[in-house]
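See structure below.
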Amino acid sequence: MTNVLSFFRGPWTIAMYTWREGMRKKILIAFLILSLLVIFGSNFITAFLFETGSQSGTDVDTKLIKDICVTAISLFGVLITIFISASVVPNEVDNKVAYTILSKPVRRYQYLLGKFIGVQLIVLLNLALMGALFFVALYIKEEVMPSLLLMSLLLTYFMFLIVSAFTFAISCTASSAVLPTIAGLFIYITGNLTEYLKDVYERAGQTTQLLDALIGKTALYLWHLLPNLKAFNMRNEIVYAQPGDFMQIERIMMLVSYSVIFAIAGFILAYWIFRRREL
Amino acid sequence: MAAVIETDKLTKIYEGALKGQDVTALKSLDLEVREGEILAYLGPNGSGKTTTIKLILGLIFPTSGSLKIMGRKDIGANFIKRNIGYLPEGAYYPEFLRGEEVLRFYGQLYGLAGRDLKRRVGDVLELVGMSRARNRMVRGYSKGMRQRIGLAQALVSDPKILILDEPTTGLDPIARKEIRDILVRLRNEGKTLLISSHELLEVELISDRVGILYDGELKTLGALSDLLTDRDITVVVAGLTAQARERLESGGVEVEEAIGEHTTLRVPSNRNVYEVIDLCKAANASMVSVRPRRETLEELFVRVVGDAGDQAAEKQKETAK
Ligand SMILES: Nc1ncnc2c1ncn2[C@@H]1O[C@H](COP(=O)(O)OP(=O)(O)O)[C@@H](O)[C@H]1O
Ligand SMILES: [Mg+2]
């Protein structure tokens, strides 16, 4: 027990300080203000668009608000996730804080674990704040469906976790945040396109030509290998939700495990890269 | 005295992206840092000092050769790290934290907590003279204050070994002196210090032994008193006649250009200084001073590195043929 505690003490200390540093970053506040503007702005836009105030107008307009907000949260959230995940390690390698930390009784995997947990805390807090804003905006519109919203935020976080883990792994090769940030965006975009891979497989399967078959097989393997980030998107459920709707708990558990497995793989990759890295 | 750090043919080659871009930063280094000493690790920029230090700390890995710290070879082990304090070259500390918070952070990494942590942080702040600035943000610190916090950070666990990479570079003379005083105090408390520097004067005053590194090779290692050769005697006289001057020169004395009345004579250690004095007396020159002239570390440095430079030049010529 004391062993377990002492193993996690270093990472935890590092995580807390990473979190503190991250919270001081102006960019986080900027994103939060931006999401504030979008979320409340969407109220005004819809009020402006559907001035008639007819029955159907209200319906369309809350749908639009929800749509804008859900998209804004996941877009801003993923940008912050990528940016933070890409920068925590390279920054400390660059300014040599990593040297001083690693010269203390902290192993490299403990250092990475601390950094990674710190990133997750920042991402979670940020998501929670944006979610709270969204909630307030809907509350004003008397369209509150707290449980569905909460589930959606939860799944959004687990989508971020996958992006975060792989961006973090790539950042372990770098001493500046630029390349890993670009890589993170790439991961996010690719991860949202994996469904097309299945399309490719199915269409390629229709001919019997060798090249087509090859492309089809490759697409299939990639489809299995790459994380499908779209699966975490609950935009439709939220936008078209009816009172009394609820998420299937099995589906959520599935997605959460799916995300955790990818996150662990990403972290192992990060460690494998960082283990013998020359600082 | 036991060696706390020992390197054996330690070699580091940084691999370049292309063949032929490899940099041999350290060539077969045999270095020994003994318990309780201040070893000054000297060399011009790019000679491999930081490389050596990073190898010792396990931040980079040797190409060949090996090293032992406190008799152990598992360099990254926490046991070893617990006993080493390290100040990197030109380090930065989290700007958004207060001085005291920085030290608390590093202290926590050693497993310090609660009252122990508080006491240790207070002690090291006191030691480096930063007690009054403890609650200010690192962002507002001067260069000297940052360096002090860096030193405090290295000391927070009260380690046996201190490894400081250019601790006084870029500081003003007063700050340098204060840091030097702290280092001597630590040595007197029984700590072992390895201090790298490219500024000789900085460490000449405080080191027990010096190692001179040049182009990745350790050119010399030993106590200063052993390394500095026999010294000349400098005689300064006034009103030396041209005739007497000629006689002195023919007798092997180096005569410098007169500055005003005064002429400086360098009497090599193999010459009897009394003969020179008698000669001056006979020539009616008046004595201004007679004093032994110690070879400075700078001169030793030029001598050691100068030879290396000459050898390298010759080698190149030979290969050119
Ligand atoms: N990461 C690196 N990659 C390639 N070459 C390096 C690297 N670090 C240092 N060098 C080279 O190794 C040599 C020694 O550098 P260093 O140990 O930093 O010297 P010092 O600390 O004595 O100024 C220099 O020629 C330097 O350019
Ligand atoms: Mg250096």
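Would a scan of segment B:187-199 turn up a residue that is aliphatic (A, V, I, L, M) and farther than 29 Å from B:Ser28 by Cα? Give the steps one after another, and end with the answer.
First pass over segment B:187-199, keeping only residues aliphatic (A, V, I, L, M): B:193-195.
Then drop every residue that is not farther than 29 Å from B:Ser28 by Cα, which leaves none.
No; the residues of segment B:187-199 include none that is aliphatic (A, V, I, L, M) and farther than 29 Å from B:Ser28 by Cα.
Considering only segment B:103-118, I want to know if a residue exists there that is away from chain A (no Cβ under 14 Å) and within 29 Å of the chain's Cα centre (by Cα). Taking every residue of segment B:103-118 in turn, none turns out to be away from chain A (no Cβ under 14 Å) and within 29 Å of the chain's Cα centre (by Cα). Can you find even one residue in segment A:204-214 that is touching a Phe, Trp or Tyr at 6+ places or on another chain (Cβ under 9 Å) and among the small types (Gly, Ala, Ser)? Looking through segment A:204-214, none of the residues is touching a Phe, Trp or Tyr at 6+ places or on another chain (Cβ under 9 Å) and among the small types (Gly, Ala, Ser).
Looking across segment B:74-84, not a single residue is at pLDDT below 90 and either buried (at least 23 other Cβ atoms within 10 Å of the Cβ) or away from chain A (no Cβ under 14 Å) (or both).
Taking every residue in segment B:1-30 that is within 14 Å of another protein chain (Cβ to nearest Cβ) and pairing it with any residue that is within 16 Å of ligand 2 (Cβ to nearest atom) and among the basic types (Lys, Arg), at least 6 positions away or on another chain, the pairs with Cβ-Cβ distances below 7 Å are B:Ala25/B:Lys12; B:Leu26/B:Lys12.
In this structure, does B:Ile56 turn out to be in contact (Cβ under 8 Å) with a residue 12 or more places away in the chain, within 25 Å of A:Ile101 (Cα to Cα) and within 13 Å of ligand 1 (Cβ to nearest atom)? Quick ask: steps written out before the conclusion?
Working: in contact (Cβ under 8 Å) with a residue 12 or more places away in the chain: yes; within 25 Å of A:Ile101 (Cα to Cα): yes; within 13 Å of ligand 1 (Cβ to nearest atom): yes.
Yes.
Considering only residues in segment A:265-279 that are among the hydrophobic types (A, V, I, L, M, F, W, C) and more than 14 Å from every other protein chain (Cβ to nearest Cβ), the one that is farthest from ligand 1 (Cβ to nearest atom) turns out to be A:Ala265. For segment B:23-35, the criterion of being open to solvent by 10 Å² or more (accessible area, probe 1.4 Å) and either farther than 30 Å from B:Glu204 by Cβ or among the hydrophobic types (A, V, I, L, M, F, W, C) (or both) is satisfied by at least one residue. Among the criteria (1) over 21 Å from B:Gly90 (Cβ atoms); (2) open to solvent by less than 10 Å² (accessible area, probe 1.4 Å); (3) without any contact (Cβ under 8 Å) to a residue 60 or more places away in the chain, the one B:Ala223 does not fulfil is (2).
Only one residue in B:Asp310, B:Asp278 is modelled with pLDDT of 80 or more and over 19 Å from B:Asp226 (Cβ atoms). Which one? Working first, answer last.
Details: B:Asp310 fails: modelled with pLDDT of 80 or more.
One residue alone meets the criteria, B:Asp278.
Within segment A:87-125, if we keep just the residues that are under 15 Å from A:Leu161 (Cβ atoms) and open to solvent by less than 10 Å² (accessible area, probe 1.4 Å), the residue that is farthest from the other protein chains (Cβ to nearest Cβ) turns out to be A:Val123.
Within this structure, B:Ser207 fails the test of being modelled with pLDDT under 85 and polar (S, T, N, Q). Annotation: of all residues in segment B:59-73 being more than 16 Å from ligand 1 (Cβ to nearest atom) and free of Cβ contacts under 8 Å to residues at least 24 places away in the same chain, the one that is least open to solvent (accessible area, probe 1.4 Å) is B:Gly71.
Listed conditions (1) within 16 Å of ligand 1 (Cβ to nearest atom); (2) away from chain A (no Cβ under 14 Å); (3) modelled with pLDDT of 90 or more are all met by B:Glu202, apart from (3). Filtered by the rule that a residue be within 16 Å of ligand 2 (Cβ to nearest atom), more than 14 Å from chain A (Cβ to nearest Cβ) and assigned to a loop (DSSP other than H, G, I, E, B), segment B:34-67 gives B:Gly43, B:Pro44, B:Asn45, B:Gly46, B:Ser47, B:Gly48.
If we keep just the residues of segment B:164-180 that are within 16 Å of ligand 1 (Cβ to nearest atom) and modelled with pLDDT under 90, which is surrounded by the most Cβ atoms within 10 Å (Cβ to Cβ)? Spell out how you get there, then give the answer.
Within segment B:164-180, the first condition is being within 16 Å of ligand 1 (Cβ to nearest atom), and the residues that meet it are B:164-170.
Okay, now just the ones that are also modelled with pLDDT under 90, so B:168-170.
Numbers: B:Thr168: 23, B:Thr169: 16, B:Gly170: 13.
Here the residue is B:Thr168.
The set of residues from segment A:159-215 being of a type outside the set (Ser, Thr, Tyr) and not in a helix (DSSP H, G or I) comprises A:Cys172, A:Ala174, A:Ala177, A:Gly205, A:Gln206, A:Gln209. Determine which member of the set A:Thr181, A:Thr173 is among the hydroxyl-bearing types (Ser, Thr, Tyr) and open to solvent by less than 60 Å² (accessible area, probe 1.4 Å). Residue meeting the stated conditions: A:Thr181.
The values are calculated or read from the model by the stated rules, or taken from the named source; none is laboratory data. Since this is a predicted model, take the numbers as computed values, not measurements. Cβ atoms come from the backbone with ideal geometry, glycine included; neighbour counts cover every protein chain shown. With ligands, DNA and RNA removed, areas are computed over all heavy atoms of the protein, side chains included. Shrake-Rupley method; radii C 1.70, N 1.55, O 1.52, S 1.80 Å.
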